[in-house]
Amino acid sequence: MGVIDRKEREKVEMKRQILDAARSLFLEQGFEKTSIRNIAEVIEYSAGTIYLYFKDKNEILFALHVEAFETLMQAMQAGIMSEADPFERLVSLGKHYLKYAFENPELYDLMFVMTAPMETLECREEIWCDGERAFETLKYVVDDCMKAGYFAGDDNETISVMVWSLVHGLATLHLRRRTMIFPEERRVQLLEDAYAKFTDIIKHYKK
């Protein structure tokens, strides 16, 4: 391996160490309570080293945010590929979204609840490409449903926002511990049943 290749590999490995340490600290003590110095202490380097790779803490969080979306997109694609019927693809997509949220609560919080990644985008004057890509995937599935006769006369974007809002609401109620009013053994099943009832209603909805 040449000198250039070795240095590039070392850069990649260092960036990975920073991201792994930051993610652990963000999840353990929260984003606000974590400092660049804390991250540096974990990887046993100076804070100045971290600034060679990331401008600030928000940028580190945003990098983790991008990685999390890659995993979510894989889950959503699995939902799309698992069913042949357009509407059942939509149902499966929502199920995989909820499953991802329930199994990755901290990452979901990072992706859809925390404001810091959005603040980073605003500073860069960029759009939320990862969120847009996920939403376009949902719209693609809704469009297939419309071609099959569902949601006749409705607007794709409106239907897509409605579906997203429902699954996001269910996920957030659970992850923010608002389902504690129900017995623990019923919480996830109750949310899954609510989603099943919602999809049954919109499947048979007629204007």
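The values are calculated or read from the model by the stated rules, or taken from the named source; none is laboratory data. Computed from a predicted model, the values in this text were never measured in an experiment. Virtual Cβ from ideal backbone geometry, glycine too; neighbours counted across all protein chains shown. Just so you know, the surface numbers come from the protein's heavy atoms only, side chains and all, with ligands and any DNA or RNA stripped out. Shrake-Rupley method; radii C 1.70, N 1.55, O 1.52, S 1.80 Å.
Return the residues of region 80-90 that are within 20 Å of ILE201 (Cα to Cα) and either surrounded by fewer than 22 Cβ atoms within 10 Å (Cβ to Cβ) or touching a strand residue (DSSP E or B) at 6+ places or on another chain (Cβ under 8 Å) (or both); say none if nothing qualifies.
Of region 80-90, the ones within 20 Å of ILE201 (Cα to Cα) are 83, 85-90.
Result: GLU83, ASP85, PRO86, PHE87, GLU88, ARG89.
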For region 20-37, which positions are farther than 14 Å from GLU106 by Cβ and crowded, with 16+ Cβ neighbours inside 10 Å? ALA21, ILE36
Restricting to region 52-66, give me the number of residues that are exposed (fewer than 15 other Cβ atoms within 10 Å of the Cβ) and under 26 Å from the mean Cα position of the chain (by Cα). 3
Name the helices (runs of 4 or more DSSP H) wholly inside region 19-100 in which the number of residues that are closer than 23 Å to LEU170 by Cβ and not small (Gly, Ala, Ser) is 2 or more. 57-81
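Could you tell me whether any residue of region 76-89 is among the polar types (S, T, N, Q) and under 30 Å from GLY149 (Cβ atoms)?
Checking region 76-89: at least one residue is among the polar types (S, T, N, Q) and under 30 Å from GLY149 (Cβ atoms).
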Per the list (1) at pLDDT below 95; (2) out of contact with any Lys or Arg (no Cβ under 7 Å at 6 or more places or on another chain); (3) part of a helix (DSSP H, G or I), residue check on VAL163 breaks on (1)
Failed item in (1) open to solvent by less than 50 Å² (accessible area, probe 1.4 Å); (2) at pLDDT below 95; (3) in a helix (DSSP H, G or I); (4) of a type in the set (A, V, I, L, M, F, W, C), with ALA194 passing the rest: (2)
Looking only at residues that are under 19 Å from GLU67 (Cβ atoms) and of a type in the set (A, V, I, L, M, F, W, C) in region 1-19, which one is surrounded by the most Cβ atoms within 10 Å (Cβ to Cβ)? ILE18
